[in-house]
Amino acid sequence: MDSLHEETSKSELTDEERELFSKHMPEELPEIQSTGIKRRHFLKLLAITGGGFLTLQLVDAHNLLAQPLVDQVPVSPASLENAVKVSMRINGVRKSLDVDSRMTLLDSLRERLGLTGSKKGCDHGQCGTCTVLVNDRRVLSCLTLAATCEGKEVTTIEGLAKGDDLHPMQASFLKHDGFQCGYCTPGQICSAVALMNEAKAGEASYLTADVRTISKNLQLSDDEIRERMSGNICRCSAYPNILAAITEVHTGHDVSQNWRLQ
Ligand code: FES
Ligand code: FES
């Protein structure tokens, strides 16, 4: 939960958050509403609720899922051994960067642009945690050189939300508690968004029975979704809830939650 700061910016509470705080911490509610959620509020709520979904929701919905693009961290081109200039659109904003030609897209996003939503897990292309979209296709940003992204459209977890409106896949992950520690979640969500596009375009997977008859707008079975998400590892094993979240968005039908607050 590296995006939790000592004092978060003043934030508008959603109805659910207001209800949660008024239920568990009524005496702090006026302060929270006037100053925003602070670390001590968070820790107290964590202690009261025992952690889990709602505490993550409070922090992550604002920070992990919708963090804005910040000014790039200044680096002198002279300090780069093999500097190249690369220009790309990141979350809808054109950015020109001087990067070392060996720098990965993941490091460029995190270290140069402050977009820390994309996480570094294995750094070897094995866990999927760093998944982002390049020209609407999923890529492992730890295996993608920033220099190869010249002129391309890069979308990270921060770019999926439109202002305060979460992407339907983000909202579904929240509804279905599709994360526990949340570390793999940005990659899972980016991968799931790309998966939907791949199904619409009629792209085959290993489980496609007959590629000669494949059509557009594929209706994916649970096994197909599992197969297509198999590159995204979750050490917390939130897989059933991730599957429920993706199924709901993919089918457009309500999938009932398998959790509830006690
Ligand atoms: S960090 Fe890129 S695949 Fe693990
Ligand atoms: S939610 Fe912890 S690694 Fe997936």
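The values are calculated or read from the model by the stated rules, or taken from the named source; none is laboratory data. All figures in this text were calculated on a predicted structure; none of them were measured in a lab. Using ideal geometry, Cβ is built from the backbone for each residue, glycine included, and neighbour counts are taken over all protein chains shown. These area figures cover heavy atoms from the full protein model, side chains too; ligands, DNA and RNA do not enter into them. Shrake-Rupley method; radii C 1.70, N 1.55, O 1.52, S 1.80 Å.
Observations on the model:
- Criterion applied to 143, 207 was being among the aliphatic types (A, V, I, L, M), over 20 Å from the mean Cα position of the chain (by Cα) and open to solvent by 50 Å² or more (accessible area, probe 1.4 Å), and the one residue passing it is 207.
- Qualifying residue in segment 243-251 (condition: over 13 Å from the mean Cα position of the chain (by Cα), touching a residue at least 12 places away in the same chain (Cβ under 8 Å) and on the phi > 0 side of the Ramachandran plot): no
- Tabulated pairs, segment 150-174, first more than 26 Å from residue 240 (Cα to Cα), second among the hydroxyl-bearing types (Ser, Thr, Tyr), C-beta under 8 angstrom, 6+ apart or interchain: 150/87; 151/87
- Extreme residue, farthest from residue 142 (Cα to Cα), among residues of segment 193-204 that are more than 17 Å from the chain's Cα centre (by Cα) and open to solvent by less than 20 Å² (accessible area, probe 1.4 Å): 202
- Residue match in segment 195-211 (condition: within 16 Å of ligand 2 (Cβ to nearest atom), modelled with pLDDT of 95 or more and closer than 17 Å to residue 159 by Cα): no
- Only one of 190, 184 that is open to solvent by 10 Å² or more (accessible area, probe 1.4 Å), within 16 Å of ligand 2 (Cβ to nearest atom) and modelled with pLDDT of 95 or more: 184
- Check on residue 215, over 25 Å from residue 238 (Cβ atoms) and either within 16 Å of ligand 2 (Cβ to nearest atom) or of a type in the set (Gly, Ala, Ser) (or both): yes
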